[in-house]
Amino acid sequence: MVKVNGETMELAGKSLEEYLVSAEYNMKRIAVERNGRIVPKAEYATTILCDEDSIEVVSFVGGG
Amino acid sequence: MIPSKEAWDKVLRERHGKERQDKFEAATVAVCGLGGLGSNIAICLARAGVGKLVLIDFDQVDISNLHRQQYKVAQLGQYKTDALRDNLKEIAPYVEVKTHQVLLKEDNAGEILKEADIICEAFDQPEAKAMLTNLVLEKFPEKYLVAGSGMAGMKSGNLIQTKKITDHFYLCGDLSSDIADGMGLVSARVMICAAQEALVVLRLLAGEKDS
């Protein structure tokens, strides 16, 4: 199981990009942490999620 | 009359402790965006005796800024970089201030930010926040990024928290209150978020990292 923002999900084998698209994230507003490191945007498509992965998707909102 | 540098140093060291103050004074912190977050962050850091601030914004002071940003009526129309530098120098005359009156983008950010130990994200647009976050954490893995997301509206200030995303990435805000939802920005709530960003910076500089 993969943990995403604290929730466990069946995502092993999928690419990070597949998950982000299916969850309808706005790709221009996010930063993604995987197991303590930021995933470069260019690597979303080639990052394959594994069991035990812990993912945090930060989706920025406006205001400052 | 402006007190001497020695008198200023003594007061800061008495209050913060010598070891901490030495670290604050040696630091360079970049503030990206000088609106409600950035103007307040910069003032907190200047008061605390951070040695050098790098201020980045392309915009001018507008009447719509005065309800939450640290500018004055007499500064309407001035570039925010110039206006904030002047205000900081009135508050803390020995802070070193470098200004960049530009729109920070992927192609100029590397050069502008390279001297900073810690970078504060204080933009208002979510796309700009994400761009800076990804850029800093990808290109400068040795630096720290402190960002803000979710401080619009009038919900309880207690919802605004600091979250450690990675060892080098701290996020302040309630993570959800979006200005696009029609909620305006209210100075008191924006200042809570700004103060949390500034406090994370000071804690990181002091080596107190587990916030």
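The values are calculated or read from the model by the stated rules, or taken from the named source; none is laboratory data. Note that this is a predicted model, so its numbers are computed, not measured. Glycine also receives a Cβ, built like all others from the backbone with ideal geometry; neighbour counts cover every protein chain displayed. For the accessible areas, the whole protein counts, side chains as well, though only heavy atoms, and no ligand, DNA or RNA atoms are used. Shrake-Rupley method; radii C 1.70, N 1.55, O 1.52, S 1.80 Å.
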Checking the cross-link filter: which lysines have an alpha carbon closer than 24 Å to that of B:K5, excluding same-chain neighbours under 8 positions apart? B:K18, B:K23, B:K52, B:K89, B:K98
If you take the alpha carbon radius of gyration of chain B and divide it by 2.2 N^0.38 Å, what ratio comes out, to two decimals? 0.97
Just tell me how shielded B:30-36 is by partners: mean number of partner chain Cβ atoms within 10 Å of each residue's Cβ, no decimals. 1
Projected area averaged over all directions for the convex hull of the alpha carbon atoms of region B:1-57, nm², comes out at 4.4
Positive minus negative residues near B:A83 (Lys, Arg vs Asp, Glu; Cβ under 13 Å): -2
Give the value in nm², to one decimal: projected area of the alpha carbon convex hull of the protein assembly as shown, averaged over all directions. 15.0
Counting alpha carbon pairs within less than 8 Å and at least 6 residues apart, what relative contact order, in whole percent, applies to chain B? 22
With a 1.4 Å probe and all protein chains kept in place, how much accessible area does A:E56 have, in Å² rounded to the nearest 10? 40
Roughly how much of B:R85 is accessible, in Å² to the nearest 10, using a 1.4 Å probe? 70
List the lysines whose Cα lies under 17 Å from the Cα of B:K139, skipping any in the same chain that are fewer than 8 positions away. A:K41, B:K105, B:K114, B:K129
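Evaluate peptide A:22-31: per residue, the Cβ atoms of other protein chains within 10 Å of its Cβ; return the mean as an integer.
So the per-residue partner count for this stretch is 4.
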Under DSSP H, which helices of chain B have Cα atoms covering 15 Å or more of the helix axis and a Kyte-Doolittle average no less than 0.0? B:36-48, B:126-139, B:187-206
Which whole-angstrom value gives the distance between the alpha carbon centres of region A:34-62 and region B:52-81? 36
Under the rule of -39500 (n - 2.57) per DSSP H run of 4 or more residues, summed and divided by the residues of the protein assembly as shown, what mean residue ellipticity at 222 nm is obtained, to the nearest 500 deg cm²/dmol? -10500 deg cm²/dmol
With viscosity set to 1.002 mPa s at 20 °C, what whole-number translational diffusion coefficient in µm²/s follows for region A:2-59 from Stokes-Einstein and a Kirkwood radius over Cα pairs? 192
Solvent-accessible area of B:C44 with every protein chain in place, 1.4 Å probe, in Å² to the nearest 10: 50
Sequence of A:M27, B:M1, B:M154 when ordered by accessible area, the most exposed leading, probe 1.4 angstrom: B:M1, B:M154, A:M27
Aspartates and glutamates with Cα under 20 Å of B:K209, excluding same-chain neighbours fewer than 8 positions away: A:E33, A:E56, B:E19, B:D22, B:E25, B:D117, B:E121, B:E142, B:D167, B:E197
Placed amide H near B:V54: partners under 5 Å, 5+ positions off or other chain: B:V29, B:A30, B:V31, B:K98
Please give the Cα centre distance for region B:181-205 versus region B:95-113, rounded to the nearest Å. 21
Top of B:D181, B:D82, B:D117 by mean-square fluctuation, Gaussian network on chain B, Cα under 10 Å: B:D181
Other residues with Cβ under 13 Å from the Cβ of B:Y71 give, with Lys and Arg +1 and Asp and Glu -1, a net charge of -2
Among B:N40, B:N108, B:N87, whose mean-square fluctuation peaks in a Gaussian network model of chain B (Cα, cutoff 10 Å)? B:N108
